1. What percentages, rounded to whole numbers, describe P(r) for the chain computed over all alpha carbon pairs with 20 Å bin width beginning at zero?
2. Within the accessible area of the chain, what % is carbon and sulfur when the probe is 1.4 Å and the other protein chains stay in place?
3. Could you tell me how many degrees, from 0 to 90 and to the nearest 10, lie between the Cα long axis of helix 26-47 and the main elongation axis, the longest principal axis, of the Cα atoms of the chain?
4. Tally Lys/Arg at +1 and Asp/Glu at -1 over every other residue whose Cβ is under 12 Å from the Cβ of GLY192; what's the total?
5. Starting from the Cα of TRP44, step 7 Å along the direction of its Cβ; do the same at ALA521; then give the gap between the two resulting points in nm.
6. Can you tell me how much longer the chain between HIS120 and THR319 gets when fully stretched, taken as 0.36 nm per residue apart minus their C-alpha distance, in nm with one decimal?
7. Quick one: if the Förster radius is 30 Å, what FRET efficiency do THR491 and THR535 give, using the C-beta to C-beta distance and rounding to 0.05?
8. Find out how many positive minus negative residues lie around GLY293, taking Lys and Arg as positive, Asp and Glu as negative, among other residues whose Cβ is under 10 Å from that of GLY293.
Amino acid sequence: MAFVQAFRWRQLLAVWLFVLVASAPAGVLAQETSAEHALDDGYWAEKAQAYPPFEVNMDALRVASAAEMSVLGQWGPVLEWPHIPVTAANLPDGRVLTWASNEEDAFPVGPEYTFAAAWHPVTGSFQLVPHTSHDMFCAGQVMLEDGRVLVNGGRNTVTTTSYFDFTTNTWTKVQPMTNGRWYPTTVALANGEVMTAIGSGGGSNPEVWNETAGWRKLTGVDLSGPILNYTGHFEQNWSPLMVLGPEGNVFHAGPTPAMHFINPAATGSIQTTGTSITAWYPKDSATILYDEGRLLVAGGTLAGGNEVSSAMAATINITGASPVVKTLTPMNFARRFSNSMVLPNGEVIVVGGNTSGIKFSDAGSVLTPEIWNPTTETWRTVADMAVPRNYHSLVLLLPDARVFVGGGGLCGTGCSANHQDAQIYSPGYLFAADGSPAVRPTITSAPVAVRNGASFTVTASAGVQSFSLVKMASVSHSINTDSRFLKVAHTSLGGGAYQLTAHANQNVLTPGYWMLFALDAAGVPSEAAILQVSTEGAPDVINPGTQVSPVGQPVTLALDATDPNGDALTF
């Protein structure tokens, strides 16, 4: 009875809000939209209390035999977590930072506070690092050049902006936004600035953060027509699909039909571009930059007014003057609330999601991940996971080339969709044909920092066939604007030495921390060397060439280097 009464109360409140918003002056529209947002997610979280639990038939799960490991991969044990990991970020020291809300497992109410922790994948240990004055639930998040995690907005449409410093394990508040935002999308720019857009309460103008000057509004960018006026599309003001493009503009891919380029310089400008995506509504889709200027978009919902899940998929190529959309063979499963991650070999794994499209529900959970091959443009299924991963779940790549998967739910005690845990997936490339661990190439030395266009030397196993870079990233609600994959041009110098060349375009090889992988002829990746792409510029060490000295005799090696900033060098 209590649930029915709450449902009727929410129906009445929804009608009241609709009338109020429809008649409200423009200046108060953002505030009422925020209340509507709280009504929607709060309603679904409460309704989830009545959903029956999803029964996982452990006997029916597809688990790889030894002979199948190299194809299907293997899932590790389920790991208990201090909170439901709704948001996560790679840290440059190899740890993973996760957080929930001001509740460990429930939709937030009350004070500005966030349960957060840093997890070490080698030791399995946690360090609790709560933010005591900012509820970062459903905020925007990006990685800065120095490895800090910047977080803006969050529950209650706050203007608060904070960053996490992995070197001190502390949170620090910085300049607040002009508008409060809940469910914005935030994108790191190549010049060190950060753009955020939309979100409940955010209004029609994006904002750009500069560490010295704070936030400025892009008054030259009005997202009313491009996004907000699509009133027939649910949640059109939450989490737009945006990434930094090769020309330095922010590309808006959807999920509303029209696509745009946003110039974030000065007061900004916007240009409609390409064709509209109307075959489906990729809201809550798995969207990732899988190569230079190329996006994979998979799943979401059937239409702007139909929240049932879709299996549709497409690529969007933004390397030219106008985006090119190519429809792909659909996934094997319809999925909403799934997540995607690019792997060291350039393939993309899509994990989780449900076929029902219902929030805070495991109904129709898809336990079978799929991997997309960008060369053949085909999907293949791999080993099943043991825990549903739906709304409020996430995926990240670890430096050891495994895949971190966690979360789902945050709908309170008794909610069967709550998954306060994580699992690690080892892709097939980590296994030999007999199921034993694959012999992996190793990187024995690499620079700690490089700059765009520079050549640098890496020492690794003999016979390395390729090198790749995957950027360290932050993710929440299927939105990951940080992650990107790049092949790295290289030349073998012999003796396990390789000369690599960093991509010259700062909008492609963006500032920040990247995972450098070496891959052998079988596509087996090394563990990553972590390097920073720095705008400050790293010293160039001049290759001394081949050196020959008699055995047992002293060796003299002349070192010569230059620094792009003119800084004094010591050896």
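The values are calculated or read from the model by the stated rules, or taken from the named source; none is laboratory data. Predicted model, so just to flag it, every value in this text is computed and none were measured. Cβ: placed from backbone, ideal geometry, glycine included. Neighbour counts: every protein chain shown. With ligands, DNA and RNA removed, areas are computed over all heavy atoms of the protein, side chains included. Shrake-Rupley method; radii C 1.70, N 1.55, O 1.52, S 1.80 Å.
1. 21, 56, 20, 3, 0
2. After summing per-atom areas, the C and S share lands at 55 percent.
3. Between the helix axis and the principal axis of the chain, the angle is about 90 degrees.
4. With Lys, Arg at +1 and Asp, Glu at -1, the neighbours total -4.
5. Calculated label separation equals 5.0 nm.
6. Gain on extension, HIS120 to THR319, equals 67.9 nm.
7. Taking R0 as 30 Å, the efficiency between THR491 and THR535 is 0.70.
8. Details: positive: ARG294, ARG484; negative: GLU247, ASP291, GLU292.
Around GLY293, the surrounding residues sum to -1.
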